[in-house]
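Since the structure comes first, as structure tokens, the remarks are kept for the end.
The values are calculated or read from the model by the stated rules, or taken from the named source; none is laboratory data. Everything quoted here is computed from the prediction, not taken from an experiment. Glycine also receives a Cβ, built like all others from the backbone with ideal geometry; neighbour counts cover every protein chain displayed. Ligands, DNA and RNA are stripped out before the accessible areas are found, and what is left, the full protein with its side chains, is counted by its heavy atoms. Shrake-Rupley method; radii C 1.70, N 1.55, O 1.52, S 1.80 Å.
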Amino acid sequence: MKALEGVRILDFTHVQSGPTCTQLLAWFGADVIKVERPGTGDITRGQLCDVPEADSLYFTMLNHNKRSITLDTKNPQGMEVLWEMAKVCDVLVENFAPGVLDRMGFSWERLHEVNPRLIVASVKGFGPGPYADCKVYENVAQCAGGSASTTGFRDGPPLVTGAQIGDSGTGLHLALGIVTALFHRTTSGLGQKVDCAMQDGVLNLCRIKLRDQQRLEHGPLKEYSQFGEGIPFGKAVPRAGNDSGGGQPGRILKCKGWETDPDAYIYFITQTPVWGAICDVIGEPGWKTDPDYAKPAARLPRLNEIFGRIEQWTMTMTKFEAMDILNIYHIPCGPILSMKEIAEETSLRETGTVVEVDHPTRGKYLSVGNPIKLSASPTEVTRSPLLGEHTDEILRDVLKFDDSRIAAIMASGATGATEAPSRVAAE
Ligand code: CAO
């Protein structure tokens, strides 16, 4: 039995943040029923398409293990079906723009009245405050959550990161909120509201930068490269390039082949306990006792020189050769892996972190499997549903509607055409 078997989710999510959350719950065994607009479905089905007439990777990689029902919520019969679903589900998850759910008549108060055990989980861009009504996408959250101002190099503009910390990061936070509320329900018997704002989720992931903001009031941040370079700090935490977030200086260094391979680099950390080993490996044994280099504080003003010397060494070999040597001495380091290298990495395939999935209209593709491994509830990644693929099955088996009721719903246009997947034009 899967960990969340028996939990039924009304998945009213779209784009990325909400779907990542419900995909995780599906991987743990919940029955996730995705409600989509007839004709178009989740807008991502048709965005960034690579295979004509097939659901995009954007959609398939965020909606594994789910079922799909099409329902027009602007149609009274569609809303009637939705209310019936709310009565038989444990959790409703949504990430519409602020106010959309209320406009549908799906207020928390009303839902709680109709199904007191229902957990209602929402992602919004911002919590209560000046921006509560804003529509928000990934990069907006990265900027408003403190990530962009602290990412990049000191002499360059703020940068967003490729990791989708606003969308997928908030989806993860929401999933934790939902399972926590499910656990709470076992004693309270009641559902509750779970809210995650993307700004809050990003800030939570950037908490070490708020740490540094407060440290800055008591003096310069000595582990930041700019301290060693004699550049004064301003009022706010600066961008720190590739400095490590902990107290141990770290940098990304060139390896053999960097002139032509944009990913021929290694992350190297000069951790204090292995300083002696580092000196031996790079051929500077004298630095172990030289007062200018022996102690961490003495090294701080010399980090550029030190990392320059280490880089002379890393440039003599590939990132993998450097890894092999450094790991012998427990010197923390990591190769800069390209997505191509990750896709081809056999150990990630073996653990199910990278999986190959078959899809009826697009064929085989790679996806990221469940990064959370439960020993008694292993994840089997199955393909995403076609648009409306399970409409009939859900009306019949989940809602227990009879033939005549189903026929009336279909005739009203509430479910749209369910025979074939359709797409909107790519943006
Ligand atoms: N049938 C009929 N109508 C439907 C429907 C269905 N099955 N599902 C949704 N709709 C309607 C809604 O009722 C809403 O209509 P009204 O505005 O008339 O009430 C409409 O679709 C649009 O919803 P939306 O405003 O959420 O969608 P959008 O594309 O304009 O905005 C987004 C997208 C992501 C900016 C917005 O949903 C948002 O801010 N969400 C919260 C933050 C978030 O999750 N951002 C992450 C986005 S990437 O993961």
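Before moving on, here are some points about what is shown:
- Estimated at 0.36 nm per residue, the fully extended path between residue 40 and residue 103 surpasses their Cα-Cα distance by 20.6 nm.
- Computed from the C-beta positions of residue 320 and residue 51 and an R0 of 30 Å, the FRET efficiency is 0.35 to the nearest 0.05.
- Violating pairs (Cα-Cα greater than 30 angstrom) within the set 34/135; 222/373; 193/364; 209/295; 124/400: 222/373; 193/364; 124/400
- Per residue, region 207-331 exposes 53 Å² of solvent-accessible protein surface, assessed with a 1.4 angstrom probe and all protein chains in place.
- Normalised by the number of residues in the chain, the average gap of Cα pairs under 8 Å and 6 or more apart makes the relative contact order 21 percent.
- Each residue, residue 80 and residue 137, gets one label point 7 Å from its Cα in the Cβ direction; the gap between the two is 3.8 nm.
- Karplus-derived 3J(HN,Hα) values for region 101-112, using 6.51 cos²θ - 1.76 cosθ + 1.60 with θ = phi - 60°, are 4, 5, 5, 6, x, 9, 6, 4, 4, 5, 5, 5 Hz; glycine and proline are entered as x.
- Ordering 1, 317 by accessible surface, largest first, gives 1, 317; the 1.4 Å probe counts only protein heavy atoms, with every chain in place.
- Estimated [θ] at 222 nm from DSSP helical runs (n ≥ 4, -39500 (n - 2.57)) normalised by residues in the chain, nearest 500: -9500 deg cm²/dmol
- Environment charge of residue 342, counting only residues whose C-beta is closer than 13 Å and scoring Lys/Arg +1, Asp/Glu -1: -2
- Spacing of the modelled spin labels on residue 329 and residue 204, each 7 Å from Cα toward Cβ, amounts to 4.0 nm.
- Once the chain from residue 242 to residue 159 is taken as fully extended at 0.36 nm per residue, the excess over their C-alpha distance is 28.6 nm.
- Rolling a 1.4 Å probe across all protein chains gives residue 237 an accessible area of roughly 20 Å².
- Nitroxide proxy distance, nm - points 7 Å out along Cα→Cβ at residue 193 and residue 235: 3.5 nm
- The residue 368 and residue 295 beta-carbon pair, evaluated with R₀ = 41 Å, returns a calculated FRET efficiency of approximately 0.45.
- Using θ = phi - 60° and Karplus 6.51 cos²θ - 1.76 cosθ + 1.60, couplings along region 191-200 (whole Hz; Gly, Pro as x): x, 8, 8, 10, 10, 10, 8, 5, 4, 5
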